[in-house]
1. Can you name the residue in the stretch 86-114 that is of a type in the set (Asp, Glu) and either closer than 24 Å to residue 56 by Cα or not in a helix (DSSP H, G or I) (or both) and, of all such residues, is most open to solvent (accessible area, probe 1.4 Å)?
2. Restricting attention to the stretch 3-15, report how many residues are open to solvent by less than 100 Å² (accessible area, probe 1.4 Å) and farther than 18 Å from residue 49 by Cβ.
3. Does residue 81 count as basic (Lys, Arg) and under 30 Å from residue 10 (Cα atoms)?
4. From the list 66, 31, pick out the single residue that is more than 21 Å from residue 117 (Cβ to Cβ), in contact (Cβ under 8 Å) with a residue 24 or more places away in the chain and either aromatic (Phe, Trp, Tyr) or outside any loop (DSSP other than H, G, I, E, B) (or both).
Amino acid sequence: LVATSDDPEYEGQLANLLAQTGQDAEAKTFRDKAAARFEELLKAHPEAFADHAARFYLDVEKDAKRAEQLALLNLGARQTRDAYELALDSSLGAKDVKKACEVADQAMAQLPKVERLRYLAGRAYQACGKPGEAAALKHATATAAAQ
């Protein structure tokens, strides 16, 4: 499948599996191919591939800064649960706590009942020095779980 497809996600997933089994040299080959293909696709259709490329850079390439750039581009195009989650994960991974808090504010304004977003927003608020907001989210989650 990797040999016949032009979808970089397959190469990225294979690279991840190879890395997990200690086959680092082969993993790097597939990681490099996937990164090059994602960059080609991003040049042609940035908003269409930003989310997939961001996940690749965050999870496979381990480049949280690049993942954050792409996740924020994706969030600008679509304000969905997945887009907010990816932006929060990427900003927290990149240790960009200011941006993580901004995204958390946006996410809580748009989708305050999504449990995973409340969890990520709580982490962002804790990281950027807003423990009151983090505690309020933790309390709201506990209250919802008890009902």
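The values are calculated or read from the model by the stated rules, or taken from the named source; none is laboratory data. No experiment lies behind these values; they were computed from the predicted model shown. Cβ atoms come from the backbone with ideal geometry, glycine included; neighbour counts cover every protein chain shown. Just the protein is used for accessible areas: all its heavy atoms, side chains included, with ligands, DNA and RNA removed. Shrake-Rupley method; radii C 1.70, N 1.55, O 1.52, S 1.80 Å.
1. Start the filter on the stretch 86-114 by keeping residues that are of a type in the set (Asp, Glu), which leaves 89, 96, 102, 105.
Narrowing the set further to residues that are either closer than 24 Å to residue 56 by Cα or not in a helix (DSSP H, G or I) (or both) leaves 89, 96, 102.
Working: 89: 47, 96: 44, 102: 70 Å².
For the stretch 86-114, the residue satisfying everything is 102.
2. If we filter the stretch 3-15 for residues that are open to solvent by less than 100 Å² (accessible area, probe 1.4 Å), which is where we start, we get 5, 7-12, 14-15.
The next check asks that each one be farther than 18 Å from residue 49 by Cβ; those that pass are 14.
Number satisfying all stated conditions: 1.
3. Numbers: basic (Lys, Arg): yes; under 30 Å from residue 10 (Cα atoms): yes.
Answer is yes for this residue.
4. On the way: 66 fails: in contact (Cβ under 8 Å) with a residue 24 or more places away in the chain.
Result: 31 is the single residue among 66, 31 that is more than 21 Å from residue 117 (Cβ to Cβ), in contact (Cβ under 8 Å) with a residue 24 or more places away in the chain and either aromatic (Phe, Trp, Tyr) or outside any loop (DSSP other than H, G, I, E, B) (or both).
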